[in-house]
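For reference, the structure is listed below as structure tokens.
The values are calculated or read from the model by the stated rules, or taken from the named source; none is laboratory data. These numbers were taken from a predicted model, which means no experiment stands behind them. Every residue, glycine as well, gets a Cβ built from its backbone with ideal geometry; the counts of neighbours run over all protein chains shown.
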Amino acid sequence: MPSRPGMKPLIQVKNLRKEYPLEDETVVALKRINLNIYPGEICCIFGTSGSGKSTLLNQLAGMEKPTRGCVYIGGVPISRLKEEELATFRQKHTGFVFQAYNLLPNLTATENVALPLMFRGMDQEKREAIARKMLCRVGLSHRLDHFPSQMSGGQQQRTGIARAFVTRPQVVFADEPTGNLDSATTVEIMEMICGFSRKLNQTIILVTHDPEMASYADRVVKLIDGEIISDTVTPRGKQMFSERM
């Protein structure tokens, strides 16, 4: 497991195991995963369908409880939090970018992006002003009042990125974020995500089966059958770390 001398991990996964009961047998989705992820790192969880990468993402984001072991974010054992505590923690510290965009169809781009700020108790005028500014940063100044059905896939994903980053979370989880996009738009989206990470020192957990997407990461953690078989720092990651020393 690569280390960053002088840096403390933001995310720690310790002896993580996840089992699912299936009729008269037990399916082991993750087998004793140990992993450290550092502040500002773009970490790719890479694997084919059935490798356990989506299960690991769910564990890292606190979407599911482990059978054994624990996930810590900023020293907080999120695997052991109650649901209400976990929801509050996610609102304060995490963001999500989804393959299917997951925008609310009856809300405009501005309203969709402003939603996480509403959960923080921010008044409407202020949160929508921040949301409009964020949408302008992702190149959607001409789509502020458009509904998802009035936008292309790339524009919807840009909106999703704006929503994920609008609260400046410590960690952004990106689950196959370009799976529904063409190659040119994929490049734009990935450069946008990486740009925000670099500028704001945010940690990105990127889950994919696509080697092209993995090439944007600082580090690639490869899973097969619920086990980490390799954990490699990329040239991009070595450069990132050297710049921070």
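A few remarks follow.
- In region 109-123, the residues that are within 19 Å of H146 (Cβ to Cβ) and either polar (S, T, N, Q) or out of contact with any helix residue (DSSP H, G or I) (no Cβ under 8 Å at 6 or more places or on another chain) (or both): T110, N112
- Tally of residues being touching a Pro at 6+ places or on another chain (Cβ under 8 Å) and part of a loop (DSSP other than H, G, I, E, B) across region 171-217: 2
- Scanning region 70-84 for residues that are farther than 17 Å from L56 by Cα and either in a loop (DSSP other than H, G, I, E, B) or at pLDDT below 95 (or both) yields G74, G75, L81, K82, E83, E84.
- Test: residue in region 151-159 that is part of a loop (DSSP other than H, G, I, E, B), of a type outside the set (D, E, K, R) and surrounded by fewer than 20 Cβ atoms within 10 Å (Cβ to Cβ): yes
- Single unsatisfied condition, L135 versus (1) over 18 Å from the mean Cα position of the chain (by Cα); (2) farther than 20 Å from Q202 by Cα: (2)
- Within region 16-69, considering residues that are part of a strand (DSSP E or B) and among the polar types (S, T, N, Q), the one surrounded by the most Cβ atoms within 10 Å (Cβ to Cβ): N36
- Number of positions in region 185-206 that are more than 14 Å from Q157 (Cβ to Cβ), over 12 Å from the mean Cα position of the chain (by Cα) and either surrounded by 17 or more Cβ atoms within 10 Å (Cβ to Cβ) or in contact (Cβ under 8 Å) with a residue 60 or more places away in the chain (or both): 2
- Of all residues in region 154-211, those being within 17 Å of Q91 (Cα to Cα) and of a type in the set (D, E, K, R) number 2.
- Among the residues of region 218-239, those that are assigned to a strand (DSSP E or B), touching a strand residue (DSSP E or B) at 6+ places or on another chain (Cβ under 7 Å) and not polar (S, T, N, Q) comprise R219, V220, V221, K222, L223, E227, I228, I229, D231, V233.
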